[in-house]
Amino acid sequence: MRVLVTGSAGHLGEGLVRTLRERQHEVVGLDLLESASTTHVGSISDRDFVRSCLLGVDSVIHAATLHKPHIATHSRHAFVDINIAGTLTILEAALESGVSGVVFSSTTSAFGAALTPAEGQPAAWVDEDLDSIPRNIYGVTKKAAEDLCELFSRSRGLPCIVLRTCRFFPEVDDDPETSRQYDNLNLKVNEYLYRRLDLADAVDAHILAAEQVPGIKGFWRYVVSATSPFEPQHLLRLRTDAPAVVRGLFPDYEEVYRQRGWRMLPGIDRVYVNYRARQALAWQPRFDFRHILDRLRRGDDVFSPLARAVGSKGYHAQQPVAVDQP
């Protein structure tokens, strides 16, 4: 399979290129930045350039984007130009080039305000049926790009799969107050309960979608997150006493945390549900809270080898730095 990966110098992009190459696929890596994962340097907004990258391509994985932290450094117009207009360019060129389908890497941020229920309400059960209520320019533009994929699928017959991925970057939390209260690794391990994903599992989901998109008809959207242990009956208590719920499911977690001076979140306001992605894509994510606890107990690295190899890239022209050690 010959695959075009946009955003190939990025965190997900590099992971995709590394893994596709290891699995003997031919990869065209497109990015504004030169890198070992980039074969074609240029912009997704340049139609002629994008068309030249699509020669002989079977499937497209469109991962190039401005992310939420870029809100602090980029204008709203830049978000529209890259996340919406850039996606439109990719879709038009893919259609003209006769590719078999497009996988669009989106975000659970598109759910926006729906992720935070009102005070006194149960935690949100976040699956594909939950309404999208974007609350910033990032969420708005990613949702609009998803809508373009759906439009091209329904009106032009271009198969499209949208993957709404949750957090898989190793960078510190962009909420200064949260970063102040919790050790970075402590917070990330907590998040595997409800809203985090290892890079290797994110990459696997995208590649499985790219392999399957030629055989599908229409448009499909899936939530991609680590498998949560929670069920609907846990949602009300999760808001007010998450440690008690976690203790009931993982009696050993407190000792593992105590050894590291870690804390569980007092309350959890959402639970990402990956059931449809696992069923439709035959996706089997490895890194969930149970798996992470077992690795911590053994003294193993909590990150996959792929996540460790890609490392932390930052968002604002920073040099790559090492991710946290357990």
In the chain, what cysteines have no partner Cβ closer than 4.7 Å? 53, 166
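Step by step: find N for the stretch 127-172, compute 2.2 N^0.38 Å, then divide the Cα radius of gyration by it. What's the final number?
Values: Rg = 12.9 Å, N = 46, 2.2 N^0.38 = 9.4 Å.
Working it through for the stretch 127-172, the quotient is 1.37.
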Where does each of 3, 60 land when they are ranked from fewest to most other beta-carbon atoms within 10 angstrom? 3, 60
Once you've got the GNM for the chain with C-alpha springs shorter than 10 Å, pick whichever of 269, 46, 31 has the biggest mean-square fluctuation. 46
Under a GNM of the chain (C-alpha, springs under 10 Å), which listed residue has the highest mean-square fluctuation: 258, 247, 270? 258
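For a quick check of your reading of the filter: which GluC sites (Glu not before Pro) in the stretch 5-69 sit in a DSSP loop and have no more than 12 other Cβ atoms within 10 Å? Walk me through the numbers on the way to the answer.
Working: sites: 14, 22, 26, 34; in loops: 34.
Taking the stretch 5-69 and a limit of 12 other Cβ atoms within 10 Å, the loop GluC sites (Glu not before Pro) found are 34.
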Would you mind ranking 275, 182 so that the residue whose beta carbon has the fewest other beta carbons within 10 Å leads the list? 275, 182
Given 37 °C and 0.692 mPa s, compute D for the stretch 219-272 with the Stokes-Einstein relation, Rh being the Kirkwood radius over Cα pairs; round to the nearest whole µm²/s. 262 µm²/s
On a 0 to 90° scale, report how tilted helix 86-97 is relative to the longest principal axis of the chain, with both axes built from alpha carbons and the result rounded to the nearest 10. 50 degrees
Taking a ≥ b ≥ c as the square roots of the eigenvalues of the Cα gyration tensor, with a/c under 1.5 meaning rounded and otherwise prolate when a/b exceeds b/c and oblate if not, the chain is prolate
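Ranking 87, 227 by Cβ neighbours within 10 Å, fewest first, what do you get?
On the way: 87 28, 227 22.
The fewest-first ordering by Cβ neighbours comes to 227, 87.
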Taking only the alpha-carbon atoms of the stretch 135-277, the convex hull volume per residue, in cubic angstrom, is 136 Å³
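With only Lys, Arg, Asp and Glu charged, each at its Cβ (+1 for the first two, -1 for the last two), find how big the charge dipole of the stretch 144-219 is about the Cα centre; round to the nearest 20 debye. Kindly include the intermediate steps, with their values, before the conclusion.
On the way: 9 positive and 14 negative charges, 85 e Å.
Computed about the Cα centre, the dipole is about 400 debye.
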log₁₀ I(q)/I(0) of the stretch 1-80 at q = 0.13, 0.14, 0.26 Å⁻¹, via Debye over equal Cα point scatterers, no solvent, to two decimals? -0.39, -0.45, -1.23
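Throughout, read-outs are computed from the coordinates displayed, never taken from laboratory work. Because the structure is predicted, anything quoted here is derived from the model rather than measured. We place every Cβ from the backbone using ideal geometry, glycine too, and count neighbours over all the protein chains shown.
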